[in-house]
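Novice: Take this structure, written in structure tokens, and hold onto it; I'll ask about it next.
The values are calculated or read from the model by the stated rules, or taken from the named source; none is laboratory data. Being a predicted model, the structure only gives us computed values, none of them experimental. Because the Cβ atoms are built from the backbone with ideal geometry, glycine has one as well, and the counts that use them run over all protein chains shown.
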């Protein structure tokens with residue numbers, strides 16, 4: 001899978017096939033939600049928008065400001081040691097905004113579907129310590 005990387009309010013976008021991202025990561029699963037995510041800034045906010053009809057769940061972490069007490073790659077979960085926070089985007093046009101001052105440089109990942117388990121045994125979302133992530137193969141949106 002691929003993961004996106006933002007530096008403050010500056011977004012560097014590299015087009016790789018039909019997926020937008022700045023950092024290429026790999027995984028064996030197929031429900032990558034990054035093609036469904038549009039990231040922009042407005043004032044002091046980073047805005048994530050779902051551009052697909054399916055639900056998408058976004059996972060993120062910060063390199064500069066601790067989220068849930070941890071930075072990227074320092075989550076205490078064995079199944080998801082990289083990403084620290086998540087939020088769902090329910091259907092096309094759904095948005096969520098995060099203040100840039102609370103993130104600094106951060107990474108994000110996304111999976112198609114509304115994922116309920118992401119940091120526990122039996123998790124539907126997994127990551128490694130470098131930010132490579134895995135999404136479930138069969139779980140879809142609404």
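Novice: Based on what the data block shows, is residue 79 under 21 Å from residue 32 (Cα atoms) and at pLDDT below 85?
Specialist: Yes: the conditions hold for residue 79.
Novice: If you scan the range 108-117, which residues turn out to be farther than 22 Å from residue 43 by Cβ and in contact (Cβ under 8 Å) with a residue 40 or more places away in the chain?
Specialist: The answer is 109, 110, 111, 112, 113, 114, 115.
Novice: Further question on the same structure: Out of curiosity, is residue 90 surrounded by fewer than 18 Cβ atoms within 10 Å (Cβ to Cβ), on the phi > 0 side of the Ramachandran plot and either at pLDDT 90 or above or in contact with a strand residue (DSSP E or B) (Cβ under 8 Å, 6 or more places away or on another chain) (or both)?
Specialist: In short, no.
Novice: Look through the range 36-52, keep the residues that are over 12 Å from the mean Cα position of the chain (by Cα) and outside any strand (DSSP E or B), and return whichever of them is farthest from residue 132 (Cα to Cα).
Specialist: The extreme case among them is 43.
Novice: Report the residue count in the range 53-102 for those that are in a loop (DSSP other than H, G, I, E, B) and without any contact (Cβ under 8 Å) to a residue 40 or more places away in the chain.
Specialist: Residues flagged as in a loop (DSSP other than H, G, I, E, B) and without any contact (Cβ under 8 Å) to a residue 40 or more places away in the chain within the range 53-102 amount to 9.
Novice: If you take the residues in the range 118-135 that are at pLDDT below 85 and exposed (fewer than 13 other Cβ atoms within 10 Å of the Cβ), which one is nearest to residue 73 (Cα to Cα)?
Specialist: Selected residue: 120.
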